[in-house]
1. Among Phe222, Ser58, Ser107, which residue has its Cα positioned farthest towards the positive end of the charge dipole of the chain, with +1 placed on the Cβ of Lys and Arg, -1 on the Cβ of Asp and Glu, and the dipole taken about the Cα centre?
2. Hey, if we sort Glu4, Glu317 by accessible area with the 1.4 Å probe, largest down, what's the order?
3. Taking amide hydrogens as modeled 1.01 Å from N in the peptide plane, which residues meet the under 5 Å criterion relative to His105, leaving out close sequence neighbours?
4. Relative to the compact-globule scaling 2.2 N^0.38 Å, provide the ratio for the alpha-carbon radius of gyration of the chain.
5. At 1.4 Å probe size, with the rest of the protein present, what percent of the exposed accessible area of the chain is carbon and sulfur atoms?
6. Quick one: P(r) of segment 228-367 from all Cα-Cα pairs, 10 Å bins, percents rounded to integers, in order of increasing distance.
7. List the lysines whose Cα sits under 22 Å from the Cα of Lys515, skipping any in the same chain fewer than 8 residues away.
8. Mind ranking 122-130, 407-415, 38-46 by how tightly packed they are, going by the mean number of other C-beta atoms within 10 angstrom, highest first?
Amino acid sequence: MAQEFPWWKKTTIYQIYPRSYHDTQGDGIGDLPGIIEKLDYIQDLGFDTLWISPFFASPQRDWGYDVSGYRKIAPAYGTMDDVDRLIDEVHSRNMKVLFDLVLNHTSDQHPWFLTSSASRDNPKSDWYIWQDGQGKGRPPNNWKAIPGGSGWHYHPARDQWYYASFLPFQPDLNWRNPAVKKEMFQVAKFWLDKGVDGFRLDIFHAIYKAAHFQDNPFHWSFVPKDDEYGFFTEWKYTVSQPEAIDLAHALRQLLDSYSPERFLIGEIFAEDSLIKKYLGDENEGLQAIFLWDLMDFAFRADYFWEVLDHYETCYPEPYTPVLVLGNHDSRRWIDRIGGESAKAKLISLLQLTARGLPVIYYGEEIGLPEGNIPARDSLDPVGQRYAWAPNWLLDALNLYVNRDNCRTPMAWNSAMGAGFTAPGTAPWLPFSADPARANVKDQSEDPDSLLNWYRTLLQFRSKTPALQSGSLLLLPRVLARKGVLGFIRQSDSDQYQILINFTTKPITVDLPGAKIKVQTGKISHTGYKLTLGGQAGCIARLADHRK
């Protein structure tokens, strides 16, 4: 009898940055009605699940990741009625929707913080992390913020310092206070009761800090790595405390009390051993956690072979690797391959056929390029912090500080406003390039476009159990060293072989008893041999393996 897999193991996720997706109010800012208008486009492509970045009430200093009201909607994005309609419209298409839930911190304009910061003896005085300093102008300890600089910020009304893992206007909640934990669980329940299918959990590993506020140990590296160390400190006491792992399991228990099944995917930076603790021995913690290896890809078969081998070794069933190449915090990957459509098709072929949960950031399906906004002109508060730094220094340190460039508006057509906003209206960020270079309308009409390739892959995956939830067997590494990545996906009913030639030269491989189902580039198949042209790839159905 075939194993029945939950919906989230088989799904494909499309991330939308609402401010940049589609503007229906004519103010240059994307909104919730704009997402609703584009649901048919997303469904037609073949995506099953939406992840929508925050649209809750916020001063918009970090564009929604600074929440000032968890049960309210920022007017620029719409109303609560729009949210209800969005959930209903998604479900009417038999799709799912995930909201971005920021549990670690709020805005410093949240009513909770305004109360907490007013005095040391108010009802919410310990809802945030407050400590006395070590003397005038000296913070409590050496804890750094994730983007750099001290995480401690002095507040004169209390004559104390509050801690912020990210930016100064995003004070961290004190999860060691039972009242905070209870209230945040109520926030989650509020949205689950409205029908949301789950949450993406923002910087989940930072939620708890050490209770005794010990100094973090020295580390030799200045450049941050995976939120484990950076700026000459090891982040031993500020991330991945044991209580965060307990919280992952408690949240899962909450979601498991709902039917139909709900889903949690966490943003966590940690070593594999810690990640597996968040997931649980039997995957009873968070269902999935973003894995970052593909974000730093080298365009080589051997590199991707190593990543898939690592995932198969460390995250076999019941775990599900998350296959992500870009998001709202990272440089758009199309630029890393020179904007070449042929290369992009190979990478998307890998992402949508390997065992795992594919997460695609809006615009990747058309090869939307990186913007060209200097840090000195940035609206991104991280970019503003580094406006003094020359580009050569940022590049040398591999620091991506101006996230505006990966958040530029979606291009729906090549007309003025690019179909994103009304003609003559200035978008909140400038377009990343001339929309005629990459837009939905033109690519929809081109059968050989990147967009139609994504559509082909997504729709083929949606009707192929072996690609949704089958096992993965890597072909020998010697083949990858020659330039071809190969692996087999197998279910109870089907077996498929995926072959991807990352070189520019034709390579011939053995492929007996197979039928090509999907291909990109030049491929010839005669007898037991298949020749992949330069930068070509395919999905081949193998002969019935049960006979």
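1. Towards the positive end, the residue furthest out is Phe222.
2. Glu4, Glu317
3. Distant-sequence amide H within range of His105: Leu173.
4. Rg over 2.2 N^0.38 Å, computed on Cα atoms: 0.99.
5. Taking all protein chains in place, the chain shows 51 percent carbon and sulfur surface.
6. Reading upward from the zero bin: 10, 36, 33, 18, 2.
7. The qualifying lysines are Lys345, Lys463, Lys529, Lys547.
8. Taking the mean over residues of other Cβ atoms within 10 Å, the ranking is 407-415, 122-130, 38-46.
The values are calculated or read from the model by the stated rules, or taken from the named source; none is laboratory data. This is a predicted model, so every value here is computed, not measured. No Cβ is skipped: glycine too gets one built from the backbone with ideal geometry, and neighbour counts run over all protein chains shown. Note: accessible area is taken over every heavy atom of the protein model, side chains too, but ligands, DNA and RNA are not part of it. Shrake-Rupley method; radii C 1.70, N 1.55, O 1.52, S 1.80 Å.
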